[in-house]
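Scroll down for the structure; my scribbles are underneath it.
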Amino acid sequence: MRVLVAGASGAIGTRLVPQLIEAGHEVIGTHRSAGSVECLRALGAAPLQLDLLDQDAVMRAVIAQSPDAIVHQATALSNLTDLKNFDRTFHQTNLLRTRGTDALLAAARRTGVRRVVAQSYASARHARTGAMVKAEGDPLDEHPVASMRESVAAMRYLEQEVSAAGGIALRYGTFYGAENDGLVEPVRKRQFPIAGDGAGVWSFIHLDDAAAATVLALEHEGPAIYNVVDDDPAAVREWLPVLAQALGAKPPRRVPRWLARLFAGQAALMMATESRGASNAKAKRELGWTLRFPSWRDGFVAAYTPAARAHAASRPVDSVSVART
Ligand SMILES: NC(=O)c1ccc[n+]([C@@H]2O[C@H](COP(=O)([O-])OP(=O)(O)OC[C@H]3O[C@@H](n4cnc5c(N)ncnc54)[C@H](OP(=O)(O)O)[C@@H]3O)[C@@H](O)[C@H]2O)c1
């Protein structure tokens, strides 16, 4: 298929492009910054500079490129520092998930593109009652923390619109597997403490496994929603010390709930203490997806420990190592 990947130069896009090409697809990779052109060319995609928030430009681009399928991976999350003002921090990403999705779906409708796959998120979205691990059909949080209402609504909007168009929304776990993953620096600097009892459950996914599931989703009939997460949802108090160790950092500090609320805000406290993780049973069953890193326990070691990284760097160049450059 001829696949248009919107946001191809980002963390997941750069892992996805080589896997799509390896699966026999032709890839048009959209990006926003001029600096992404060479990266996309090196990965084997035809680069296309496109602002997803410019609806006319998206329509023109999709008509001109005439893809068979569209994958929406555009976010604006490279400066994720302030979780206290969650919706303000996610504002641009929320626009990409609402207006950006609208623009892509309108163009897909006009050009008869039936295969659409879009990025959503799995953890911290479900009702904060009952089981700590949730399936796709379990109720979402109807009363989200006030500071994250717009962000939660944007994800729900994307999933509804993509499903209504017959497409597939992928609720990824928290990405890891790149040196500049968002969690790396805060954990290395001991700025990510275990707040309260640290009982909030997170689901992780290695970027290469996330990309593999996306390739499979593209070959699958929608509408559908899949959790693309690993086999091992875990409480913050469990995974955070393991991540710190893999990074060679000191163990995380512990802070009481009131202090976490004061400095990091209600959204961060919720994620640390009440978040639910997600089950990947449906994606494995229906997509035939197998994971290279079924648990973050092995994945963190492979991604972050100096010995494992040195070993990976000494391997002959293959599609995975090209994606990491
Ligand atoms: N599930 C998760 O845990 C999750 C999900 C997403 C991101 N993240 C994390 O957030 C951090 C940053 O993510 P990232 O590296 O993917 O970068 P990003 O800044 O979120 O950009 C992602 C992609 O969207 C494109 N883009 C941004 N604004 C756009 C717009 N208005 N129109 C069209 N395309 C636009 C970017 O193009 P340019 O590259 O040209 O700017 C890039 O291709 C990483 O640490 C990543 O792991 C985590």
Tell me the residue from L287, L262, L240 that is more than 30 Å from I168 (Cβ to Cβ), crowded, with 19+ Cβ neighbours inside 10 Å and not β-branched (V, I, T), please. L240
Taking the stretch 154-206 as the search range and keeping residues that are within 30 Å of R99 (Cβ to Cβ) and basic (K, R), which one is nearest to the ligand (Cβ to nearest atom)? R171
Across the stretch 1-25, what is the total count of residues that are open to solvent by 30 Å² or more (accessible area, probe 1.4 Å), under 14 Å from V117 (Cβ atoms) and either part of a strand (DSSP E or B) or not aliphatic (A, V, I, L, M) (or both)? 1
Condition test on R128, is it modelled with pLDDT of 95 or more, over 22 Å from I205 (Cβ atoms) and open to solvent by 20 Å² or more (accessible area, probe 1.4 Å)? no
Members of the stretch 26-65 that are outside any strand (DSSP E or B), in contact with a helix residue (DSSP H, G or I) (Cβ under 8 Å, 6 or more places away or on another chain) and open to solvent by 50 Å² or more (accessible area, probe 1.4 Å): A42, D51, D54, Q55, I63
Condition set more than 9 Å from the ligand (Cβ to nearest atom) and open to solvent by less than 20 Å² (accessible area, probe 1.4 Å), scope the stretch 66-86, selection farthest from A211 (Cα to Cα): answer is F86
Enumeration of residues in the stretch 98-110 that are over 11 Å from I70 (Cα atoms) and in contact with a helix residue (DSSP H, G or I) (Cβ under 6 Å, 6 or more places away or on another chain): T98, A103
Select, from E38, E22, the only residue that is over 21 Å from M148 (Cβ atoms), away from the ligand (no atom under 13 Å from the Cβ), modelled with pLDDT of 95 or more and not polar (S, T, N, Q). E22
Could you list, in sequence order, all residues of the stretch 160-193 that are open to solvent by 10 Å² or more (accessible area, probe 1.4 Å) and of a type in the set (D, E, K, R)? E161, E179, D181, E185, R188, K189, R190
Check on A278, more than 18 Å from the chain's Cα centre (by Cα), within 16 Å of the ligand (Cβ to nearest atom), open to solvent by less than 40 Å² (accessible area, probe 1.4 Å) and aliphatic (A, V, I, L, M): no
Residues that are over 30 Å from E26 (Cβ atoms): which helices (runs of 4 or more DSSP H) entirely in the stretch 173-285 hold 1 or more of them? 184-188, 236-246, 257-264, 266-273
Looking at (1) farther than 17 Å from V228 by Cα; (2) part of a helix (DSSP H, G or I); (3) more than 15 Å from the ligand (Cβ to nearest atom), which is the only condition P144 fails? (2)
With the requirement that a residue be among the acidic types (D, E) and either in a loop (DSSP other than H, G, I, E, B) or open to solvent by 30 Å² or more (accessible area, probe 1.4 Å) (or both), what does the stretch 147-159 give you? E150
The residue that is nearest to F86 (Cα to Cα), considering only those in the stretch 124-141 that are more than 17 Å from the chain's Cα centre (by Cα) and not in a loop (DSSP other than H, G, I, E, B), is L140
If I go through the stretch 90-123 residue by residue, how many of them are open to solvent by 20 Å² or more (accessible area, probe 1.4 Å), within 14 Å of the ligand (Cβ to nearest atom) and either over 28 Å from S279 (Cβ atoms) or of a type in the set (D, E) (or both)? 5
If you check A244 against the conditions, is it away from the ligand (no atom under 14 Å from the Cβ) and of a type in the set (A, V, I, L, M, F, W, C)? yes
Taking into account only those residues within the stretch 76-123 that are assigned to a helix (DSSP H, G or I) and among the charged types (D, E, K, R), which is nearest to D138 (Cα to Cα)? R97
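The values are calculated or read from the model by the stated rules, or taken from the named source; none is laboratory data. Small disclaimer: the values here were computed from a predicted structure and weren't measured. Quick reminder, even Gly has a Cβ in these numbers, built from the backbone with ideal geometry, and neighbours come from all protein chains shown. All accessible areas refer to the heavy atoms of the entire protein, side chains included, with ligands and DNA or RNA removed. Shrake-Rupley method; radii C 1.70, N 1.55, O 1.52, S 1.80 Å.
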